[in-house]
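Below you'll find the structure, written out as structure tokens, and then a few comments.
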Amino acid sequence: MNKLNLCLIFFTISLLLACSGGDDNSPTEIPPAPTEPSTPGSTSSETTLTLGQNVVYFEKAGGERQIAVATNASGWTTKSDQSWCTAKQSNNTSLTIVAGLNSSNNLRVATVIVQTNDNKVQRTITVNQSASSDGNYIRPAKASITIPYNGSHGIEFVEGISEESIHVDTNLTGWTCRADESWCEVRCDKSNVYILVMPYFGTEDRHAVITLSHEGTDYAVINVIQEAEKKSDLTGNDYDYGEGTEWD
């Protein structure tokens, strides 16, 4: 009987010693998972700059014109590339162009540059000033035109047919037109300039200048821009569409 009691006592003591083992009775905390470093996203918006017009005409006497300016940039600047034509900010939303008297016998052309303060966007205004001293004038409805790369689609230059035409207001008869680049074909009648260009497959836009004259005096110019070939879908894939392609 005593032996049984001793065994029970020994067993109880052993059990108590086993349960009391361990270095720390406090529960072990699981460390939090490491946080992935965050990648900051771009919050900047695209800079925009819009002008009220990109062509300005002055008679020989000169004058002043105000042009509207709209941009989401913090500010903008303007300047002229010719001393006879000045450009300055009127306020945050407009600029003023001033041309003095044209005492020469030649048409004067200046370019006014408008640029955002971040230098991301630049626009230009073409300024033409007549040299006429007798009230004569030649004024094209547009001082610039942009033509897509496939322009005339290869149509031959035929009398009365042209891919692009620009109306001309003038009090002169027998005025002429000429282009400074061979790829830009031009002709005119009493009140229109007709422009024809061949398809262009270059990678950069190309430029030509058409000059409108009468008896040796240049009265106006038209700037021609033909865009480089651009054929891409929304996925950025380039395609070369051959002849005979049918569309649904």
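Any chance you could look up the accessible area of LEU95 with a 1.4 Å probe, heavy atoms only, rounded to 10 Å²?
We get 0 Å² for LEU95.
Using 0.36 nm times the number of residues separating LYS88 and GLU46, minus their current alpha carbon distance, what extension gain do you get? Walk me through the numbers on the way to the answer.
Values: separation 42, 0.36 × 42 = 15.12 nm, distance 2.51 nm.
Difference between extended and current length: 12.6 nm.
Greater than 21 Å separation of Cα atoms is the criterion. Which listed pairs, LYS79/LYS120; LYS88/LYS142; LYS120/LYS142, meet it? Don't skip to the end; give the middle numbers.
Working: LYS79/LYS120 16 Å; LYS88/LYS142 24 Å; LYS120/LYS142 27 Å.
As for pairs spanning more than 21 Å Cα to Cα, those are LYS88/LYS142; LYS120/LYS142.
With all protein chains present, calculate the accessible area of THR124 using a 1.4 Å probe and round the result to the nearest 10 Å².
Result for THR124: roughly 70 Å² accessible.
If each residue of separation counts as 0.36 nm, what is the full-extension length gain between HIS207 and ASN72 once their alpha-carbon separation is subtracted? Mind dumping the intermediate values first?
Values: separation 135, 0.36 × 135 = 48.60 nm, distance 2.95 nm.
The HIS207-ASN72 span can extend by a further 45.7 nm.
What is the distance, in nm, between label points placed 7 Å from the Cα along the Cα-to-Cβ direction at SER104 and at ASN119?
So the label points at SER104 and ASN119 sit 3.1 nm apart.
The values are calculated or read from the model by the stated rules, or taken from the named source; none is laboratory data. This one's a predicted model, so the numbers in the text were calculated from it and none came from an experiment. We place every Cβ from the backbone using ideal geometry, glycine too, and count neighbours over all the protein chains shown. Remember, those area values only see protein heavy atoms, side chains included, never the ligands or the DNA or RNA. Shrake-Rupley method; radii C 1.70, N 1.55, O 1.52, S 1.80 Å.
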